[in-house]
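The values are calculated or read from the model by the stated rules, or taken from the named source; none is laboratory data. In this text the structure is predicted, and so the values were computed from the model without any measurement. All Cβ positions, glycine included, derive from the backbone under ideal geometry; neighbour counts span all protein chains shown.
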Amino acid sequence: MFQFTIATTDHPTRIRFVSNQPLGDDQIDFTNVDDAGGFPLIQQLFYLPFVKHVRLTENWIEVERFDILEWADVQDEVASQLADYLNQGGQVKKQMDQKEAISVYAESTPNPAVMKFVCSKRIVGEVYEAKNIDEAENSPLATELFHKPYVKEVFMDENFISITKYEIAEWEEIVQDLRQYLRDYVADNKAVVTGDISPKEKAPQITHEGTALEIIQIIDQHIKPAVASDGGNIVFDSYDEDSKSVQVILQGACSGCPSSTFTLKNGIEQLLRDMLPGKVEAVTAING
């Protein structure tokens, strides 16, 4: 019989439900019910309105709540519901008798060194970027990709993976092998990201206001979708009010792209100047 005991953490919004029986083999993070598609037990947790984030390990489940109640009010009930669900035959993870039908297609990007591979299902909950195998420690998929000698960088966002290659191989030589590899990996329901997001995304969050906030809103609403369609991402870095200059970070296919300067000056910079007259004069990328 499953039983869960409650263990506190260093974070007041997070609590662990420790099981007396194994729950799984890997550490996996879930940010919403879609992420938990293959894990019925985790889906049950996301049906609770106060659940924000769930981490599953071999022996415990860590749940982060929204700040709308206190754990003391609900923790015993949640522990009881978890035990009841499993003891009544519920599954932690679906047992897959056959591979899920997955399609992966390749799209060229403005960056000739980068190919975008689009999956027919969501694979990550947020942006994950690894410039080398050391930065890929929390992503089994990225780690395996880096074992291929031609893979230089890996970028993932929602349902696509952008892969940057070294010049030792041409895309026509490797693209079909990569498509098949990614299709099999996703169809096998292997973990894509098992820990925290990449280190570059872990910096303390800064609260922006005024013009900086307006710039962020324009980037998110008008620029990011177009950049994502090209296999990349753009992140606001800073705004200097005196020089009226904006600095951004380019990721994925946009990082190191030969056309990135043209895009910055004739696309992003011009849009910000038009939408924020007198507030923005220049846009530069600190990594490209």
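Step by step: first the residues of the stretch 155-173, then only those that are among the aliphatic types (A, V, I, L, M) and part of a strand (DSSP E or B), then the one that is farthest from the chain's Cα centre (by Cα). Which residue is that?
Result: Ile163.
Applying the selection to the stretch 107-137, what residues are in contact with a Lys or Arg (Cβ under 7 Å, 6 or more places away or on another chain), crowded, with 17+ Cβ neighbours inside 10 Å and either assigned by TED's automatic domain parsing to the domain that holds Ile42 or modelled with pLDDT of 90 or more (or both)?
Residues satisfying the conditions are Ala113, Phe117, Glu129.
Quickly run through the stretch 174-228 and pick out the residues that are of a type in the set (S, T, N, Q) and either modelled with pLDDT of 85 or more or within 17 Å of the chain's Cα centre (by Cα) (or both).
Listed by number, the residues that qualify are Gln176, Gln180, Asn189, Thr194, Ser198, Gln205, Thr211, Gln217, Gln221.
Filter the stretch 228-274 down to the residues that are under 17 Å from Ile163 (Cβ atoms) and in a helix (DSSP H, G or I) and list them by number.
Ala228, Ser229
Checking the structure you have, find out if any residue of the stretch 83-93 is of a type in the set (Ser, Thr, Tyr), modelled with pLDDT under 95 and more than 22 Å from the chain's Cα centre (by Cα).
yes
Any idea which residue in the stretch 6-64 is surrounded by the fewest Cβ atoms within 10 Å (Cβ to Cβ), counting only those that are of a type in the set (A, V, I, L, M) and in a loop (DSSP other than H, G, I, E, B)?
Leu48
Within the group Asp237, Asp230, Asp274, which residue is outside the structural domain of Lys165 (by TED's automatic domain parsing), among the acidic types (Asp, Glu) and farther than 28 Å from Ala113 by Cα?
Details: Asp237 fails: farther than 28 Å from Ala113 by Cα; Asp230 fails: farther than 28 Å from Ala113 by Cα.
Unique residue meeting the criteria: Asp274.
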